[in-house]
Amino acid sequence: VVDRLKTVGSDARAFRLPGSAHYLGPEELAEIPTLFDDANRLLRSVPGVYVQEEEGYGLRPNVGIRGSGSERSSKITLMEDGVLIAPAPYSAPAAYYFPVVGRMEAIEVRKGSSQVRHGPFTVGGAVNLVSSPIPERFSALADVDGGSDATGVARLRAGGSSEHLGWLAETYQVRTDGFKRLDGGGDTGFEISDWLVKGRVRTAPDAARYHELTLKLGRTDETSNETYLGLTDADFEADPFRRYTASQRDVMNAEHEQATLTWLFRPTPSLDLTTVVYRNDFHRNWYKLDSALGVGIASVLDDPAAHPEAMAVLEGADSGDDALSVRANNRTYYGHGVQTIVGLVSGPHSAEFGVRWHADEEDRFQHDDRYRMSGGRMVLSRAGAPGSQANRVGEASAWAAFVQDEIALGRWTVTPGLRYETIEFTRTDYGSDDPGRAAPTRVRENDVSAWIPGIGATYEWADGLALFGGVHRGFGPPGPGADEETESEKSVNYELGVKVDRAGLGAQLVGFYSDYANILGRATLATGDPTGAGELFNGGSAVVAGIEAAVEADAAWLAGSEWSVPVRLAWTLTRAEFGSSFESDFEPWGDVAEGDELPYLPEHQLSASVGVERGRWDAALSVQAVSEMRTVAGRGEIPDGEGTDAFAIWSASAGYAITPWATIQAGIENLTDATYVVARRPAGARPGLPRTFQAGIRLTY
């Protein structure tokens, strides 16, 4: 039965799709050495996918595709098992949640015209995380690791099936003390607890009319002692892993719950229907330093000489009352809906029809507490009233539908597709002195509709060798409360490439070109905006162009050796610039002149790995390299303080199978212990992960 909830499904399917698609299955994920199951490193191994690191562990990846922008993964369509998984993907896409990749079976990425079946964002691409499937016979796994900074990781899973029933239970637990050092002492690490259960009932697998009903329930709890407060350049040079005293109260507490009920029905071999009812609930309160002596922390760190007193308080100098403002970013989200996909195969046609109703909400109920610094400790001097900093609700209700037909015409496969989105937004503001929300101060409504066409074609030049190309419309909706001048993000996207899929070798070379009629920026605390209001900014026209290359091969197999030497390579070249001049309060853009380069887009990005496997042994060596990036739009040489460092991070891993069911494993990330500025937002210079060691054992049955 075709799994309509998978966007790619396999390497073989990726070859047949009329666009750029990548599939990282269990074997591929095992060949990419990474500690903490870091989503940043895994996604960076896919060409055309950009990741802006933040805290070194990949807890909240900032993911962009083909220049779409990476702020909080707000411009990609993010899914788990084919279902929208961002807490409020329409009303607040820049949300602080990303599924735990450590329990995933596969990662799928679709770009180009083939992505129009997914939405609402179609400019860059779609990422689908595939959770562990219910096994057809009883199996169990226990993977336990420990390492640097009192790190502990455990993944436990068990499941099985009979003819009519199936089940799965899984948990992923991780904790660490963190690699940063807080002035005066304190925890800079995190703890994550993730739980997942699945239950399935079905007819006999060979039934003439096949039915399958699957219930999936999941919960994730996170406590991370993380901050928005980075370092000045001088302090970064002296000790990149230092944290200032004034960040001692910063902590994120978050809970995520998900539930899906999936019905699969196949009345005939050529017709199938998949319907999913889903619900996601997410609450988070990131309690973090916002300002010192009335000056935003980003401004203080950008120019400490202009704010010496505020800088001294950040470093622990005694102060008067209310010197430090700590914001309780208390927000609650939900997203729910129902979607149906019908698959029909008839002659040369393999068509899909889909429809989805979705509603989501973001509820902001924030306040600021005031502290004084005394003897290196923060003492509460004035508690803020609940809702006094932000008291509002943003809502969205959307209908979406698509049709896509894969038409086989000899050596040609042509795939036209059309998507339609219609969205209604509502933003309700309440007074800062109205925690009970007795009456709104303002209600704003806006709506948007869009037709999103796309067409792709593949020509199989020879067995395992294909040329492909496509064009589609890119679309990104504005959020609730957008004024009349705020436009949707619009673009026309092109790609042209070649694919190879032969025994022992897979490769892809693609050129892409995205022509924006309007590019949107969203001002959040993560982008350095002092209010964090989430307002949108029109950026006018822009052009993003580039080349993507990917190679997967078993070098030893090609040479006829008994050894296995898996080799992976992904490289992306990107050029992106604005096509118009404008003035903006959006910090990463500022005042833009035509021809200025977009920020946080590296010109070069490389991920490469080589492994050696024989008998019971395996080992792998990898490198990920990224060129310097602008943090503010501009051109020419990047000014001091307005860019990240270029870096190349080497990692290694090894494993030995003690028995057929037990394997010991070890890994080191950042072998050379390189230090580098990986980001300058939200506030100040931020480091990547230093040299880190991890080892453990995996038991399977």
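Structural remarks
- Residue within the range 311-333 that is in contact with a strand residue (DSSP E or B) (Cβ under 7 Å, 6 or more places away or on another chain), open to solvent by 50 Å² or more (accessible area, probe 1.4 Å), in a strand (DSSP E or B) and not aromatic (Phe, Trp, Tyr) present: yes
- Residue count, the range 133-148 (criterion: acidic (Asp, Glu), over 25 Å from the mean Cα position of the chain (by Cα) and not in a loop (DSSP other than H, G, I, E, B)): 0
- Residue within the range 269-283 that is at pLDDT 95 or above, within 30 Å of Arg372 (Cβ to Cβ) and out of contact with any Cys (no Cβ under 6 Å at 6 or more places or on another chain) present: yes
- All of (1) open to solvent by 10 Å² or more (accessible area, probe 1.4 Å); (2) within 15 Å of Gly178 (Cα to Cα); (3) in contact (Cβ under 8 Å) with a residue 60 or more places away in the chain hold for Phe236 with one exception: (2).
- Subset of the range 103-122 (residues that are closer than 27 Å to Trp195 by Cβ and in a helix (DSSP H, G or I)): Arg103
- Matching residues in the range 1-40 - criterion: being under 21 Å from Leu606 (Cβ atoms), among the small types (Gly, Ala, Ser) and touching an Asp or Glu at 6+ places or on another chain (Cβ under 7 Å): Ser20
- Total residues in the range 166-211 satisfying the condition of being within 30 Å of Arg242 (Cα to Cα) and more than 22 Å from the chain's Cα centre (by Cα): the figure is 11.
- Taken over the range 364-392, residues that are part of a strand (DSSP E or B), under 30 Å from Ala88 (Cβ atoms) and among the polar types (S, T, N, Q) amount to 2.
- All positions within the range 404-420 that are open to solvent by 50 Å² or more (accessible area, probe 1.4 Å), farther than 10 Å from Ile455 by Cβ and not basic (Lys, Arg): Ala408, Leu409, Gly410, Trp412, Tyr420
- Residue in the range 48-64 that is open to solvent by less than 20 Å² (accessible area, probe 1.4 Å), more than 28 Å from Gln694 (Cα to Cα) and outside any loop (DSSP other than H, G, I, E, B) present: yes
- Considering residues of the range 648-679 that are more than 23 Å from Gly152 (Cα to Cα) and in contact with a Gly (Cβ under 7 Å, 6 or more places away or on another chain) only, the residue modelled with the lowest pLDDT: Val678
- Residues that are without any contact (Cβ under 8 Å) to a residue 40 or more places away in the chain and either small (Gly, Ala, Ser) or more than 22 Å from Phe98 (Cβ to Cβ) (or both) within the range 188-198 comprise just one, Ser193.
- Screening Ser114 on (1) modelled with pLDDT under 95; (2) more than 18 Å from His256 (Cβ to Cβ); (3) open to solvent by 10 Å² or more (accessible area, probe 1.4 Å) shows it passes everything except condition (3).
- Restricting attention to the range 600-644, the residues that are basic (Lys, Arg) and either over 30 Å from Trp563 (Cβ atoms) or in contact with a Gly (Cβ under 6 Å, 6 or more places away or on another chain) (or both) total 2.
The values are calculated or read from the model by the stated rules, or taken from the named source; none is laboratory data. Remember, it's a predicted structure, so these values are computed and weren't measured experimentally. Glycine also receives a Cβ, built like all others from the backbone with ideal geometry; neighbour counts cover every protein chain displayed. These accessible areas exclude ligands, DNA and RNA; they are computed on the full protein's heavy atoms, side chains included. Shrake-Rupley method; radii C 1.70, N 1.55, O 1.52, S 1.80 Å.
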